[in-house]
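Heads up, the thing below is written out as structure tokens.
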Amino acid sequence: MCGIVGYIGEKQAATLLVDGLKRLEYRGYDSAGVSLMNGKGVETRKAKGKIAMLEKAISSQPIHGKVGIAHTRWATHGPPNECNAHPHHDCTGKISVVHNGIIENYGPLRAMLKKTGHTFVSDTDTEVLAHLIEAAFDGNLEDAVVDALALVEGTYGIAVLSADDPEKIVAARKGSPLLIGIGEGENYVASDVAAILAHTRQVVYLDDGEMAIVKRDGYQVCDLDQQTIKKRVNRIEWDLDQIEKGGFDHFMLKEIMEQPHTIENTMRGRLVTEEGFSKLGGLNLTMDDLQNLDQIIITACGTSWHSALIGELMIEEHARIRCEVEYASEFRYRNPIVTDRTLCVVISQSGETADTLAAMREAKRRGAKTLGLVNQVGSTIAREDDGGIYLHAGPEIGVASTKAFTSQVIALALLTLKLGRLRNMSVVQGREIAQAMEALPGQIQSILDRAKEIEKIAEAFVDATNFLYLGRGYNFPVALEGALKLKEISYIHAEGYPAAEMKHGPIALIDADMPVVFIAPHDSVFDKVVSNVQEVKARGGRVIAITSRHEDSLDGKIDYEFRIPQTIDMLNPVLAAIPLQLLAYYIAAKRGLNVDQPRNLAKSVTVE
Ligand code: F6R
């Protein structure tokens, strides 16, 4: 979604800001812009489309200045065009604003401002902010921002410049992530640490209701009553090469290939194999809390929701605690039964998804303890949950989630071990699970070493227009995930179904043009899946099967086969997901599509 980067220091800011925007490209955007203080006033360049277009606009009309703000826009109010791109300005052109989020009452505010003589040039909600700040400005930018924000309903992460108070950037946050990057004689503002990691690792995360006045030689954080707030400085442990492609054609492929290491990182120091146990330091739950739980609700969106479905099966099978999975967007608006013995597990790669955050806050309000399974360190969910398990998968840049998914499943397996062993899981059973988990990195590597086999299968389906993914038990959520991966990056329509449900409707679709992917490793429901394969074959469907060993019962029934190593049922999703990620990747790449930034999608969905 939208991205913000700001700079104040001694360097020429244009290139630095544009480079920062490039690091945010992965989040999805449709236009971009930059404003600089040029010594006389604010000067702005904007462009529709890719950042390369903005670079072109800057090189044909260069701008200079050492203080500036920049933005990538993901259209909400008004089409993606140069006029609607940020930064936006007031009537005088002296105030410049970039904004992530949505100003919900922009309609009445715009009408009120128009009545008092303000002229609007864009369709955006953001433009009202520039005019509100103009109306309130009396020589001091932070005072004007405070007055303007008092009138605003909705969500925002903003960065503001004023030619009449030029030695600062004012930033404020409510509902949209924002941080300050601390340098030497220079400072930064950004919505995502990736934008500034090339310059500093020291960051201060703003919380909702906070404003920052950022100058060359320091910064001050306060609330909207301008009371100073003391903030912790965090050190970012990521390396720059983690947010670069490192020789791969796409971030998605790089991230798929990283999975032996990323799941190892999720397990590191947490798995106590001998005792069949897991140590999870960040839960912040007492032994009593854990033993007294009578219900777990897992809430998430998209791919994270798929891992939640796997978590539900693990927890009910092995820890014997009632567990429900809810789409975060639905949970937040219904009247769920939540008590103080409910644990609400919140899964989010980014830790910023608006629906997931709202669902977590709702669960908290209703008395539940909340536990975040989050990848992005320091993100809002990670800061607001009661406890958590960081995924430690490293930055995920490709819009299609891959390594975060497998790490989420691992984190859920660790949680299952912890809860199960506190109840009736024996040490032998716990040890069996832990040993199977330990084997996963090597097993994933053995799949990745055979990526070419998947690439060959992909070649046969580049022109397909529909796909069906079928699986049962633990592999049904994998079918959903496989279908989601394919549709989001290749734009091929794909559905995931529980294999046996096929005969209740989707079977009508089966013909020679309908490829059907079966996730059919040898597990407790394998024999049942074979009859579903038979049903597809009998109707002329083309079958791609993910299996784990030779099965006589499948002889003559499958057109393409890819074998994954054998593991225990609950961990099959980790292995089965890998060939499906690769299949989606190769099909999309062979169709010549922009794999890392599929159309209409954003990496972290910070609007409702
Ligand atoms: C799909 C994908 C999305 C996200 C969803 C939730 O590949 O990436 O479906 O899983 O938007 O995002 P997070 O996990 O950041 O809350």
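The values are calculated or read from the model by the stated rules, or taken from the named source; none is laboratory data. The structure displayed is predicted, hence computed values, not measured ones. All Cβ positions, even for glycine, are placed from backbone atoms using ideal geometry, and neighbour counts span all protein chains on display. Please note that ligands, DNA and RNA were not included when accessible areas were found on the heavy atoms of the full protein model with its side chains. Shrake-Rupley method; radii C 1.70, N 1.55, O 1.52, S 1.80 Å.
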The residue that is nearest to the ligand (Cβ to nearest atom), considering only those in the stretch 351-374 that are open to solvent by 10 Å² or more (accessible area, probe 1.4 Å) and within 14 Å of Trp305 (Cβ to Cβ), is Thr353
Checked the stretch 259-310 for anything within 24 Å of Ile381 (Cβ to Cβ), hydroxyl-bearing (Ser, Thr, Tyr) and touching a residue at least 12 places away in the same chain (Cβ under 8 Å); matches are Thr262, Thr266, Ser278, Thr299, Thr303, Ser304, Ser307
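A quick yes/no check of all residues on (1) under 23 Å from Thr303 (Cβ atoms); (2) in contact with a strand residue (DSSP E or B) (Cβ under 7 Å, 6 or more places away or on another chain):
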site: Leu415; (1), (2): yes, yes
site: Ile444; (1), (2): yes, no
site: Leu448; (1), (2): yes, no
site: Ala458; (1), (2): yes, no
site: Phe461; (1), (2): yes, yes
site: Val478; (1), (2): yes, yes
site: His493; (1), (2): yes, yes
site: Lys503; (1), (2): no, no
message = I'd like to know if the stretch 417-427 contains one or more residues that are within 16 Å of the ligand (Cβ to nearest atom), buried (at least 18 other Cβ atoms within 10 Å of the Cβ) and within 18 Å of Arg268 (Cβ to Cβ).
response = no
Note on the stretch 198-234: residues within 29 Å of Gly398 (Cβ to Cβ) and either among the polar types (S, T, N, Q) or in the same structural domain as Glu396 (by TED's automatic domain parsing) (or both) are Thr200, Gln202, Asn234
Scanning the stretch 246-281 for residues that are exposed (fewer than 14 other Cβ atoms within 10 Å of the Cβ) and either among the charged types (D, E, K, R) or farther than 17 Å from Leu391 by Cα (or both) gives Gly246, Gly247, Asp249, Arg268, Glu274, Lys279
_Yes/no for Arg341 being open to solvent by 40 Å² or more (accessible area, probe 1.4 Å), within 15 Å of the ligand (Cβ to nearest atom) and within 21 Å of Asp386 (Cα to Cα)_ = no
Note on the stretch 52-85: residues in a loop (DSSP other than H, G, I, E, B), in contact with a helix residue (DSSP H, G or I) (Cβ under 8 Å, 6 or more places away or on another chain) and free of Cβ contacts under 8 Å to residues at least 60 places away in the same chain are Pro62, Ile63, His64, Gly65, Lys66, His77
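When you look at Lys557, is it in the same structural domain as Lys485 (by TED's automatic domain parsing), over 24 Å from the mean Cα position of the chain (by Cα) and without any contact (Cβ under 8 Å) to a residue 24 or more places away in the chain, yes or no?
Spelling it out, it is not the case that Lys557 is in the same structural domain as Lys485 (by TED's automatic domain parsing), over 24 Å from the mean Cα position of the chain (by Cα) and without any contact (Cβ under 8 Å) to a residue 24 or more places away in the chain.
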